[in-house]
């Protein structure tokens with residue numbers, strides 16, 4: 001009895017999703033780009049409580065022939081172009097952000113109190129480090145061309 | 001009087017070897033025409049075991065860029081004190097710089113190795129631009145770099 005009730009609930013959920021998706025299919029071309037989202041949201045709202053996201057995915061697969069048919073006849077490239085633009089934009093932004101972060105890191109190190117890296121003393125203004133390599137009596141001499 | 005003479009002799013004996021063990025060594029660096037911003041480069045020494053001993057010269061005074069000299073940075077942790085008093089300006093494409101340092105004589109033919117790391121903004125980093133043993137046999141020879149340094153010549 002319990003399993004029969006579960007089966008009934010499942011059937012009702014799938015039926016609702018299919019009905020919702022089918023009713024959304026014949027929307028005109030400009031709205032085709034929105035259709036999958038609307039279908040998905042409708043499916044989600046009606047079935048999430050009972051069957052979860054896996055069933056939503058399968059419900060969308062069930063409705064997809066109608067959606068695809070609509071997309072192919074009205075605006076076949078709309079989905080693909082939108083998806084690609086979106087992807088490129090995110091990639092570009094993330095790359096730019098990385099670049100900005102890098103500059104920010106370098107700016108943080110740019111001297112000042114509490115900075116991570118203080119600039120070294122230029123040659124001639126301080127003795128060479130006592131690393132055993134130098135005879136510290138003579139400062140370095142530099143000639144640039 | 002006897003004490004004074006003894007002190008004088010002792011002082012001389014201690015001082016003269018010290019002077020004799022140091023010598024001015026010139027590092028002449030000729031950059032390639034890499035058509036980019038001024039290059040940073042670090043010259044440093046490792047011992048026969050590859051352990052960092054110390055730095056000889058840093059071309060480029062802004063410490064925030066030192067992490068791009070990856071070999072030197074890894075060896076020193078980016079410690080700017082390692083190049084305090086031995087830092088000069090970065091060097092432009094096609095330019096040259098001659099640095100004369102008063103170095104300990106014992107550095108030569110003792111297994112020490114000279115490393116040069118180089119980096120240019122917006123261009124590939126070049127760790128191990130030059131790696132050459134500090135030996136008297138290499139004095140006067142033009143040593144070629146990998147990317148940014150056309151030649152490095154060490155002379156006395």
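Computed over chain B, the percent of Cα pairs more than 20 Å apart is 51.
Based only on other Cβ atoms within 10 Å, what is the fewest-to-most ordering of B:109, B:79? Mind showing how you got there, number by number?
Numbers: B:109 13, B:79 18.
Fewest to most other Cβ atoms nearby, the residues stand as B:109, B:79.
With the cut-off at under 19 Å, measuring from each backbone N in the stretch B:95-113 to a point 7 Å along the Cα-to-Cβ line of residue B:153 picks out B:95-101. Each residue in B:150, B:136 was given a count of other beta-carbon atoms within 10 angstrom of its own, and listing them fewest first yields B:136, B:150.
Quick one: in the stretch B:27-118, what % of C-alpha pairs are over 18 Å apart?
Numbers: 1836 of 4186 pairs.
Counting every Cα pair in the stretch B:27-118, those more than 18 Å apart make up 44 percent.
When the convex hull of the C-alpha atoms of the stretch B:66-156 is computed, what volume per residue in Å³ does it have? Intermediate values should be presented prior to the final figure.
Details: hull volume 10.3 nm³, N = 91.
About 113 Å³ per residue, rounded to a whole number.
Exposure proxy ranking for B:152, B:69, based on other Cβ atoms within 10 angstrom of each Cβ and starting from the fewest, stands as B:152, B:69. Between residue B:51 and residue B:89, the C-beta separation translates, for a Förster distance of 35 Å, into a calculated FRET efficiency of about 0.75.
Report, to the nearest 10°, how far helix B:2-20 tilts away from the longest principal axis of the Cα atoms in chain B, using its own Cα long axis and a range of 0 to 90°. So the inclination is approximately 20 degrees.
Only the coordinates and a few stated rules stand behind these numbers; no lab work does. Because the structure is predicted, anything quoted here is derived from the model rather than measured. Because the Cβ atoms are built from the backbone with ideal geometry, glycine has one as well, and the counts that use them run over all protein chains shown.
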